[in-house]
1. Does the range 30-59 hold any residues that are out of contact with any Asp or Glu (no Cβ under 6 Å at 6 or more places or on another chain) and not in a loop (DSSP other than H, G, I, E, B), and which are they?
2. Step by step: first the residues of the range 224-240, then only those that are in contact (Cβ under 8 Å) with a residue 24 or more places away in the chain and out of contact with any helix residue (DSSP H, G or I) (no Cβ under 9 Å at 6 or more places or on another chain), then the one that is surrounded by the fewest Cβ atoms within 10 Å (Cβ to Cβ). Which residue is that?
3. Going residue by residue through the range 56-78, is there one that turns out to be closer than 26 Å to PRO125 by Cα and without any contact (Cβ under 8 Å) to a residue 12 or more places away in the chain?
4. How many residues are in contact (Cβ under 8 Å) with a residue 60 or more places away in the chain and among the basic types (Lys, Arg) if we restrict to the range 244-277?
5. Would you be able to say whether some residue in the range 13-34 is farther than 21 Å from PHE169 by Cα and in the same structural domain as VAL156 (by TED's automatic domain parsing)?
6. Of all residues in the range 241-278, which are in a loop (DSSP other than H, G, I, E, B) and out of contact with any helix residue (DSSP H, G or I) (no Cβ under 7 Å at 6 or more places or on another chain)?
7. Under 7 Å by Cβ, and 6 or more places apart or on different chains, what pairs join a residue from the range 285-307 that is farther than 20 Å from ILE152 by Cα with one that is surrounded by fewer than 16 Cβ atoms within 10 Å (Cβ to Cβ) and among the charged types (D, E, K, R)?
8. Return the only residue of GLU113, GLU118 being closer than 23 Å to GLU38 by Cβ, in contact with a helix residue (DSSP H, G or I) (Cβ under 9 Å, 6 or more places away or on another chain), at pLDDT 90 or above and of a type in the set (D, E, K, R).
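The values are calculated or read from the model by the stated rules, or taken from the named source; none is laboratory data. Since this is a predicted model, take the numbers as computed values, not measurements. Every residue, glycine among them, receives a Cβ derived from its backbone with ideal geometry; neighbour counts consider all protein chains shown.
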Amino acid sequence: MKITILKEEYEVLDTKEKITIADSFIVRQNKIGTGKGEAKLYVGQDNRVIRDFFGKESFNIKCFLLKKDLLHYLEETKVEYLNPEQPYINKSIFPNLWQERLEKITQLSELIEFEIKEQSQISGPRIYVKSTDRAYKIIRELSLPNITYITIVKLVNQKGELFYYFKLFADYFGNIEHPYTIEQEEKEIAKLEKNEDGLTLTKARKGQGKYRQGLLNLCPYCPITMVSDDRLLIASHIKPWAKSNDIEKIDPMNGFMFTPTFDYLFDRGFMTFTEDKRTKLSPFLSKMTYSKLGISDNKIINQLVLEGREKYMEYHRKEIFQGSN
């Protein structure tokens, strides 16, 4: 798999998926507990897989963040800053923190480089890394305990140089959407269900009703697996329901019927499709994971119907897909 970042092409060698951020790692302003924070990041158990990814003992590796990723992450977590779900010790200042951090990130360069070193002086089977560079401090400052996770992509450029691409993600205990957002949507749904048009919209939100039936009429099977038992199919929006207007929410062209695994991959932006029906996989899941799921990059999906869905797919590739161009 190859990706282009700021006009430079890289080959994806491997991916370290979902390093969860603990309360001990982050800056004091973000903490739930009372610890001071140790600044070292736990990246995994000391084994062959981890060593193949990071390197031999006492490794020192070149890394980078992208400004656009940090801005996207801040947008994703804005609702947590404004309506904190967790008992932060500085909960009252969170709205101001978000604005301060947004202004700070906006002033950064597009590519933010840094280095991390293994903390080899720490004995035991757990591997920790640390850095004194500014970008590493930004990771500690932006990360929220339990909600933030980091995925690291190991890359090699055309000169043969190794780099590790760090990206922050937000996950609200298994959901993409924040509990406050879901609560507000449920309140809106309760109001809408009082009339017929509103009921149509709420059923579309749940992948039911006329929206689902319209999708099944257009494509009564999952174009990837060819499963046609509608009990096993999910009506998946291309442009998310929350981002769509009332017409787009119930437009059958704004969706595909997928089996649950591929609905999840598509909905989370780990998979999209090119204009010529080829799969495009995100580098933020590992090759091993994709192999276990039985999906490969650049595979033609002949049964994928894109006619009439062009504007929605353009949105998905640009706004939902977890890739870098």
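1. Across the range 30-59, the qualifying residues are ASN30, LEU41, TYR42, VAL43, GLY44, GLN45, ARG48, VAL49, ILE50, ARG51, ASP52, PHE54.
2. MET226
3. Checked against the condition, which is being closer than 26 Å to PRO125 by Cα and without any contact (Cβ under 8 Å) to a residue 12 or more places away in the chain, the range 56-78 yields at least one hit.
4. Of the residues in that region, 1 qualify.
5. Taking every residue of the range 13-34 in turn, at least one turns out to be farther than 21 Å from PHE169 by Cα and in the same structural domain as VAL156 (by TED's automatic domain parsing).
6. ASN245, ASP251, ARG268, PHE270, THR274, GLU275, ASP276, LYS277
7. Short answer, once both residue conditions are applied: ASN298/ARG278; LYS299/ARG278; ILE300/LYS277; ILE300/ARG278; ILE301/LYS277; ASN302/LYS277; LEU304/LYS277; LEU306/LYS277.
8. After ruling out the rest, the residue left standing is GLU118.
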